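Quick notes on the structure that follows.
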Amino acid sequence: MVSHFTSHHSHQFIFITLATIFILTSSSSAATETHPPRPFKKIYAFGDSFTDTGNTKSVTGPTGFGHVSNPPYGITFFHHPTDRYSDGRLVIDFVAETLSLPYLPPYRKIRGKVSSSTFGVNFAVAGATATNHAFFVKNNLTLDITPESIQTQLHWFNKYLESQGCKNASASDCKEAFDDALFWVGEIGVNDYAYAVGSSIPDDTIRKLGIASFTGVLQASIEWFPKLSKIIISKVEIFFRLNEANMLHRTAKVASIKVFQTWKMALLKALLRQQDFEYVSCTSIFTLLEKGAKYVVVQGLPLSGCLPLAMSLAAEDDRDGIGCVKSVNNQSYIHNAVLQAKLQELRKQFPNAVITYADYWNAYRTVMKSPSQYGFKELYSCCCGKGEPYNFDVFTTCGMANVSACANPSKYINWDGVHLTEAMYKENATIVKELYSCCCGKGEPYNFDVFTTCGMANVSACANPSKYINWDGVHLTEAMYKVVTKMFLNGTFSHPPFSYLLDRKIKQG
């Protein structure tokens, strides 16, 4: 069983209690309604599909992600697809609500429309990597992947700054853009491992790329590569790419279903070999701090071994005390331990900035250990999907014509097998009915089949996603996202507490 991780670098702070509306609000209404004074005037968000609010649809990227624009995505809150990988809102949406700000527009949809970005911008894009896309092209890893990386997002951010009148990004030019802004850095980097799986790149070569990344390269340039000590898969967007028929012809790795079954087990073994690595977004965080960011929140990895995809691939005897894949959860644990150590180094380099770590791993684990306390009953299966045993199939994903969602996503944690339901982010969600299945999916015993995923024509969603943790086998439900967000913001699973960050902001004006 994975031990409970405690940061040895966190400090205890005594601070004046802030107005609880900033921390404990559970309003489900849009943030455009009457609101109290805002501690921040805007939010800038970065990350991948767990944070993306629409950039994926706006870019020239993988067709495998196209189903996010199909029903039943978005059924819980927006009642229509919004290009979010969930049944409703994401963590970043609940953060905006808590801070009395509107939902962040995706950068690619507001370029040139300055008025549309008054309260911030979301630069996150599904499938994004930490390594520059050119690296994958150079090494023949040009499958149907998103060409955008964290460098792309930083480039978009620089272009945005220019549109705001701070072309040189100096402290004086960009004071307004930075002083009253919260920078929310979602997880990013794990897709790099997924895209490298099955390649001929030696471990030593990949390892050397990382050794230089956090020392000389970190302070000399923003052109960098992550440390990939092992070729792994710790995130499952790659499986959404595999549902494209042309993929079966473009790679010799997947020539038939039989070959695919052998190949996917090789992917799992590669995942479980991972030992230790540097957190790949630290360089981007350094870049933001160097530009003038003062208030930064960085999310760690979630309990990846509890996603239906990991559950489907792992051996049945590879389980921890909460029934999830022990080896995968251990990998996420190590990742987050290294991340926190690196963040502590950045705190020393930038003492005037507040860098808060959002402990996704332990927040998720807390929900899994006591699901009924947070309104969940379905822990493992997808709400939206199709197939056995977790209502998840990699070739039939949520959003496809033959894939339907569960009747009640609020009872699920997982939405589509990779992402979560909106209910996962709600601590006060309705009583959950299903514990282990996806809301949107198909199959036994977890309403999940890697070949029949949420979004396909023959896959439906659960009736009440709020009772599920899993949405589509990879992502979570809105309800799960809301629960986790509240854990981040009330200080229980953030180091230093988010309240401390707000207190510093209010005192500094």
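When residues in segment 138-151 are screened for being at pLDDT 75 or above and either closer than 15 Å to Ser49 by Cβ or assigned to a strand (DSSP E or B) (or both), 3 of them pass.
Taken as a whole, the structure places Tyr107 among residues that are hydroxyl-bearing (Ser, Thr, Tyr), farther than 24 Å from Asn414 by Cα and in contact (Cβ under 8 Å) with a residue 12 or more places away in the chain. The single residue among Tyr468, Tyr446 that is within 17 Å of Ser312 (Cβ to Cβ), buried (at least 24 other Cβ atoms within 10 Å of the Cβ) and at pLDDT 90 or above turns out to be Tyr468. A count restricted to segment 418-443 and to residues that are at pLDDT 75 or above and under 26 Å from Phe488 (Cα atoms) stands at 10. Once segment 326-346 is narrowed to residues that are touching a residue at least 12 places away in the same chain (Cβ under 8 Å) and over 19 Å from the mean Cα position of the chain (by Cα), the residue that is surrounded by the fewest Cβ atoms within 10 Å (Cβ to Cβ) is Ala341.
Within segment 69-80, the set of residues being closer than 19 Å to Asn408 by Cα and either in contact with a strand residue (DSSP E or B) (Cβ under 9 Å, 6 or more places away or on another chain) or at pLDDT below 90 (or both) comprises Asn70, Pro71, Pro72, Tyr73, Ile75, Thr76, Phe77.
Residues in segment 130-137: is at least one among the hydroxyl-bearing types (Ser, Thr, Tyr), at pLDDT below 90, in contact with a Pro (Cβ under 7 Å, 6 or more places away or on another chain) and part of a loop (DSSP other than H, G, I, E, B)? Yes, there is a match, as at least one residue in segment 130-137 is among the hydroxyl-bearing types (Ser, Thr, Tyr), at pLDDT below 90, in contact with a Pro (Cβ under 7 Å, 6 or more places away or on another chain) and part of a loop (DSSP other than H, G, I, E, B).
Given the structure, is Tyr364 touching a residue at least 40 places away in the same chain (Cβ under 8 Å), farther than 16 Å from Val185 by Cβ and in contact with a Pro (Cβ under 8 Å, 6 or more places away or on another chain)? So Tyr364 passes the test. Counted as qualifying within segment 292-400 are the helices (runs of 4 or more DSSP H) with 3 or more residues that are over 30 Å from Leu99 (Cα atoms) and not β-branched (Val, Ile, Thr), namely 308-313, 326-349.
For Lys113, the criteria (1) more than 30 Å from Cys383 (Cα to Cα); (2) out of contact with any helix residue (DSSP H, G or I) (no Cβ under 8 Å at 6 or more places or on another chain); (3) modelled with pLDDT of 90 or more hold in every case but one, which is (3).
The values are calculated or read from the model by the stated rules, or taken from the named source; none is laboratory data. Just so it is clear, the structure is predicted and the values come from calculations on it, not from any experiment. Cβ atoms come from the backbone with ideal geometry, glycine included; neighbour counts cover every protein chain shown.
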